[in-house]
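One structure below.
Just so it is clear, none of the values below were taken in a lab; they were calculated from the coordinates. From a predicted model like this one, the values you see are computed outputs, not experimental measurements. As a convention, Cβ positions derive from the backbone with ideal geometry for all residues, glycine included, and neighbour counts pool all protein chains shown.
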Amino acid sequence: MIGRLLGEAGTRARIALGLAALVLLAAPAMVDDYLLTVLTQSLFFAYLGQSWNVMMGFAGLLSLGHAMFVGLGAYVAGALFVHFGLPPVIGLFPAMALAALVGAAIGFLGFRFSIQGVYFALLTIAFAEFIRILFDHFTWVGGSSGLFIPVDNRTVNDLVHLRGTPEMFYYLALGLSVAALALSRLLLAGRLGHRWLAIREDQEAAQALGIDVFRAKMAAVVLSAAMTSLGGVFYAFYFNNMFPEQIFNINLSIELLLGPIIGGLGTLIGPILGAFVLTPLSELLSALTERHALIGIKHFVYGLCVVLIVVFLPGGLWPWIARRLGLDRPPGDGT
Amino acid sequence: MPTTKNRRPSRRAVIAGAAGLAFAQPFAIARAQGAPLKVGVVLPRSGPQGKIGQSCQQGYDLALPILKELGYPEIQYMPVDTETNVQRARAVTEKVIQDGAQIVTGAFDSGATTALAQVCEQKGVPLVINIAAAPPITEQGYKFVFRNFPNGVRIAQDALNLQRELYEYKKDAPKSAVLLHVNDTFGESLKAGLLGLMQRIEMPYKFADVIAYDPNARDLSVEIAKAKATGAELLWTVSRLNDAMLLTRELIKQRWSPKAVVSSGPGFYEDQYLKTLGKNGDHIISLVPWYDPSKPLTRYLLERGAKAYPGINIDTNHVYSFEAALICADAFKRAGSADPGKLRDALAATNIKNNVSIGPGIAFDAKGHNGGLGNAGIQNRGGKLKVVVPRAYADSEPVYPMPAWDKRA
Amino acid sequence: MPLDAIANIATAGLLTGLVYGLSALGLSAIFGVTRIVNFAHGELMVIGMYGALLLFQHFGLAPLWAIPIVGAALFAIGYALQAGLVNRLLHAPEHMQFLLMAALAIMLVALCLMAFGPNAQNVTLESAYDSVEIGVLILDAHRVYAGIAAIAVAGLLFVFFRYHPLGKAIRACADNLTGAAVVGLNVKRLFALTFGIGSACIGAAGCIILMLVDVHPYLANTYTLLAFVVVIIGGMGSLSGALLGGLLVGVSEALAGLLLQPSLKSMFSFGLLILVLILRPEGLLGRRS
């Protein structure tokens, strides 16, 4: 398994990966609570970025409405817990199922009626907004007044009910992110991954080669939706409150795709790197600008950083860094 | 302490109130602290709620010199910004505690406050909530969370009772009403509370229609046309600032003058509204958590507020932020140290009588909620805000029915 | 519900729809030609609104008279944006262009926040409360002006694209990019011009909408989405389509508000968008490509 995961990765890449894993595993012992929160949120966004990357990075399907899957996951698991006491470890299955179903519906409409490019992206926004307003009026889950998950501050970590210390949530986020990395690696190395890459590069050629484009694309959407909704379950039990206005917001959709694009679209490490650049960048800018009374300067600089990366490193940070460090490029990380 | 209505409070009277409190705690005085208490002030300073965060900060800033005059030990603010975002709220609270905040206060918004409460409880650092109405916040069994703000249920209840008092006093009541509310966290929970209470509290009217509108509404023409078509005599709104302005203009343009326009929630009493609408903003009544104008400390706060921020009316945001600072300083004084555990115990034993808000004073129940806080009916009058109900401490006569839009001088 | 109320609501929907159309014209022009997903559309409009606000506050210039100045300023901004920045990403994939515009949007909002603060501001005009009574109908004067302006701006744009040589050249670019380059058209300059003209439209829309809505930095987001809905429904790049899309969205929202709950109404415009994307992806008045 591990051998297959590491595959053709070179020695230097293996060493770098091992070092990164060690640092991340040991982090809670070394950092203070605030940094731990920043790291947890970075990992959370890394995971969301990885899930989004399955659709856009692998299969070339641009989604600008991924917040809807985060929200669906959070609301299903949260509501089942609040109303029926169903622990999230079980609730995550219906959560992922519903998200997958919605993803399938969008995919079906999009691909059957061959809605492409920007139009497909707008279709995802339309669905996300539609669902947001729906949840604003869905009183069983609190409507726009929000859904609160009862909190008790146990010192014991309870993975079944997702109640516990910040360290537990950190390792949970780390686990999610590592699992997503492994899954992405396996997918890319497998037949599905090759089909996706073929479709991404040239859909008509892929079709001519006999690839069932519809099925491959559907697989990408459904998988990406289900993965993202799992992140939503984490969101629900980490933040303990959900408001449609926040969780289905288009800004969340944009925030979660910034990481993978900045880090390197379609690469395995890119989404993680992107999140670990952007979240700390945002914190750093807050720290630097909090002494100034000028509200807004932080976001201005943040936007400027993104513009600079887009213009000067359009391939993202990871391919550039990988080249600099002379790391071997595993398949899928080359483009 | 004499509280005759029209007497200006002297600084002496205010300070005597505080001194009275101080004598009850002679030992605390003796152990006057050296270093100031570090208070993390978590507010939405940017993002859609940025304006409100700035009003709250003015309330906190007004508190500093007044607390000093009242003989409270020095407190020092560590301002942080939630950017009107729950995720940020959580991270910045962690950070401000990491940077040395010994007590935390904020954060106006119920969602953000929930995040703050979790962090503070986990860290064992006390949280004094300035504004957040969602009832669940103090239903979680928290030990370190204290809320000095009426919850949504109380706001809804008072809104009904205050209106009954008003209509009985004027011996004239609207026979039908329409509820027009913004479909956001606050609007939705208030609507739910109101509709529930309407079953139990006898009101002179029933709602002919309940209309919800989008928080991002750019245009309220359809909403007002729909409300107007019910022919209701009372328009009851739950809104935010921008839609309050849109809504009033739309009322005038569609030439609909109901007998009364009442509002639960912010918007209609805010300075921006009063300045923008001028005479057209007059006579609308807001039923909101407010200050008690008959309390000496209120008069003093209003006087200082007028000096520090000329042209700005002191409102809910200022009052409850001011009181949050007061609560922090008071607990610090009695605890005699900045130790979080001792601060918490002192907070739980809070009993402040010399305060500003409506109600018997500041004290917390076992859940950390101040259930004694009340609301008032505020009427806009020529750019000023006048308390018209409860009659017990109103400072002005209510104008009801409201003069029609085209019959205003 | 009385008939006159229904008539009033429908008329309000029509007028609001024209304003929606007006706010989307600039996007349609830009999107139709350059295929750039201008996610900073609403932000540019808010800049236009602030421009009109400044002119009003400092020179007492009414927003309607501010249109030429604000339009010219926005033309310059738009031209510079496309020539200096967006043209670099002309051949980059769509998502990179999208990200660039989204990041620019973040910067523009922050800029407005730094310059003007978070407060909502507006122009106080004598005519702000005027309405015209025609039979049972009560029409809001400002919305009527806005509606007329929408039609006028659309007409001007139409004439420009149809008869002016530059407009014709731009249309050639929109139809066939490579072909246009082959016959020697300077595509980058024409794109910059288009972005400038589109931005000027957005600026004009901002001036007019300032008469109806108070401006604050966070207003932009909803206008961006709204404009996309309107443009897709009407047909990308079609000016009359943008107006029709606006009218459809305005009226369907009004009817949804009347029959159901007004807070549900934007759900209907997004529902309409989904339907159009599926059934007629080129939009109602768009040409099949």
(message) Quick query: amide H of B:M78 versus all other amide H atoms, modeled in the peptide plane; which residues come in under 5 Å with a sequence gap of 5 or more or a different chain?
(response) B:V39, B:G40, B:V41
(message) Can you give me the long-range amide H partners of B:N151? Hydrogens built in the peptide plane at 1.01 Å from N, cutoff under 5 Å, separation of 5 or more residues or another chain.
(response) none
(request) Let me have the relative contact order for chain A, percent, based on Cα pairs under 8 Å that are six or more residues apart. (result) 31
(request) Treating the angle as unsigned and between 0 and 90°, give the value, to the nearest 10°, between the Cα long axis of helix C:187-209 and the longest Cα principal axis of chain C. (result) 10
(request) Report the full-extension gain for the segment A:L284 to A:H83: residue separation times 0.36 nm, less the Cα-Cα distance, to one decimal in nm. (result) 68.4 nm
(request) Scale the Cα Rg of the range C:3-279 by the rule-of-thumb value 2.2 N^0.38 Å and send over the ratio, two decimals. (result) 0.99
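Relative contact order (percent) for chain B, with alpha-carbon contacts under 8 angstrom and 6 or more residues of separation?
Normalised by residue count, the contact order of chain B is 20 percent.
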(request) Could you list the square roots of 5 times each eigenvalue of the Cα gyration tensor of the range B:347-387, that is, the equivalent ellipsoid semi-axes, sorted largest first and rounded to whole Å? (result) 28, 10, 7
(message) Tell me which of B:V222, B:G196, A:G264 sits at the most positive position along the dipole axis of the protein assembly as shown, charges placed on C-beta atoms (Lys, Arg +1; Asp, Glu -1).
(response) A:G264
(message) Using only the alpha carbons of the range B:66-145, what is the convex hull's orientation-averaged projected area in square nanometres?
(response) 5.7
(request) Among A:C305, C:C112, C:C201, B:C120, rank each residue by its count of other Cβ atoms within 10 Å, from fewest to most, as a rough exposure measure. (result) A:C305, C:C112, B:C120, C:C201
(request) Find out how many positive minus negative residues lie around B:A101, taking Lys and Arg as positive, Asp and Glu as negative, among other residues whose Cβ is under 12 Å from that of B:A101. (result) +1
(request) Might you report the magnitude of the Cβ-based charge dipole of the protein assembly as shown about its Cα centre, with Lys and Arg at +1 and Asp and Glu at -1, to the nearest 20 debye? (result) 660
(request) Treat the count of other C-beta atoms within 10 Å as a stand-in for reagent exposure and order B:K206, C:K265 from fewest to most. (result) B:K206, C:K265
(request) Output the DSSP H helices from chain A with an along-axis C-alpha extent of no less than 24 Å and a mean Kyte-Doolittle hydropathy no less than 1.0. (result) A:11-30, A:67-84, A:88-112, A:118-136, A:166-189, A:213-239, A:270-289
(message) To make sure I understand, if each residue's beta carbon is the centre and we count other beta carbons within 10 Å, what order do A:R324, B:R240 fall in, fewest to most?
(response) A:R324, B:R240
(request) Using all C-alpha to C-alpha distances in the range B:276-323, build P(r) with 10 Å bins and read off the rounded percent in each one. (result) 22, 48, 28, 1
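What is the percent of Cα-Cα separations in the range C:141-236 that go past 19 Å?
Roughly 53 percent, rounded to a whole number.
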(request) Evaluate peptide C:109-120: per residue, the Cβ atoms of other protein chains within 10 Å of its Cβ; return the mean as an integer. (result) 6
(request) Pop out the ³J(HN,Hα) list for the range B:267-279 in order, Karplus 6.51 cos²θ - 1.76 cosθ + 1.60 with θ = phi - 60°, rounded to Hz; leave Gly and Pro as x. (result) x, 6, 9, 6, 4, 4, 5, 4, 5, 6, 8, x, 5
(message) With every atom except the alpha carbons ignored, what do you get for Rg and Dmax of the range C:203-246, in angstroms?
(response) 11.5, 30
(message) From the gyration tensor of the Cα coordinates in chain B, what semi-axes in whole Å does the equivalent ellipsoid have, largest first, with each one equal to sqrt(5λ)?
(response) 37, 23, 18
(request) Take every residue in peptide C:271-282, count the Cβ atoms of other chains within 10 Å of its Cβ, and give the average of those counts. (result) 4
(message) Can you tell me the orientation of helix C:141-163 relative to chain C, as the angle in degrees between its alpha-carbon axis and the longest Cα principal axis, to the nearest 10?
(response) 20
(message) Could you tell me the extents of the protein assembly as shown's C-alpha atoms along the three principal axes, largest first, rounded to whole Å?
(response) 91, 75, 51
(message) Given the DSSP H assignment, sum -39500 (n - 2.57) over each helix run of at least 4 residues in chain A and divide by its residue total; what's the result at 222 nm in deg cm²/dmol, nearest 500?
(response) -23500 deg cm²/dmol
(message) Please report the equivalent ellipsoid semi-axes of the range A:172-264, computed as sqrt(5 x eigenvalue) of the Cα gyration tensor, largest first, in whole Å.
(response) 30, 15, 12
(request) For chain C, calculate the relative contact order in percent as a whole number, restricting contacts to Cα pairs under 8 Å that are 6 or more residues apart. (result) 38
(request) Average the reciprocal distances over every distinct pair of alpha-carbons in the range A:99-176, invert the result, and give the Kirkwood radius in Å. (result) 15.9
(request) Hey, could you grab the Kirkwood Rh for chain A? Inverse mean 1/r over distinct alpha carbon pairs, Å, one decimal. (result) 20.6
(message) Please compute the alpha carbon radius of gyration of the range B:311-409, then divide it by the globular-protein estimate 2.2 N^0.38 Å. Two decimals is fine.
(response) 1.45
(request) Could you pull out every residue, at least 5 positions away or on a different chain, whose amide H is within less than 5 Å of the one on C:S131? Hs are placed 1.01 Å off N in the peptide plane, and Pro or chain starts have none. (result) C:A141
(message) Could you order the peptides B:187-193, A:180-186, C:55-61 from most to least packed, using the average number of other C-beta atoms within 10 Å per residue?
(response) B:187-193, A:180-186, C:55-61
(message) Which residue, B:A132, B:I327, B:A89, has the largest displacement toward the positive end of the dipole of chain B when charges sit on each Cβ (Lys, Arg +1; Asp, Glu -1)?
(response) B:I327
(request) Give me the angle, in degrees from 0 to 90, between the Cα long axis of helix B:86-98 and the longest principal axis of the Cα atoms of chain B, rounded to the nearest 10. (result) 20
(request) Ignore the peptide's own chain and count Cβ atoms of other chains within 10 Å of each Cβ in A:35-43; give me the average, rounded. (result) 3
(message) Which of rounded, prolate or oblate describes the range C:1-110 when judged by the alpha-carbon gyration tensor and an a/c cut-off of 1.5?
(response) oblate
(request) Determine Rg/Rh for the range B:236-329; Rg is computed over alpha-carbon atoms and Rh is the Kirkwood hydrodynamic estimate from the same atoms. (result) 1.03
(request) Among DSSP beta bridges lying fully in the protein assembly as shown, give the percent that are antiparallel, nearest 5. (result) 35
(message) Using the Karplus curve 6.51 cos²θ - 1.76 cosθ + 1.60 with θ = phi - 60°, what ³J(HN,Hα) values do you get for each residue of the range B:134-139, in whole Hz, with x for Gly and Pro?
(response) 4, x, x, 4, 9, 10
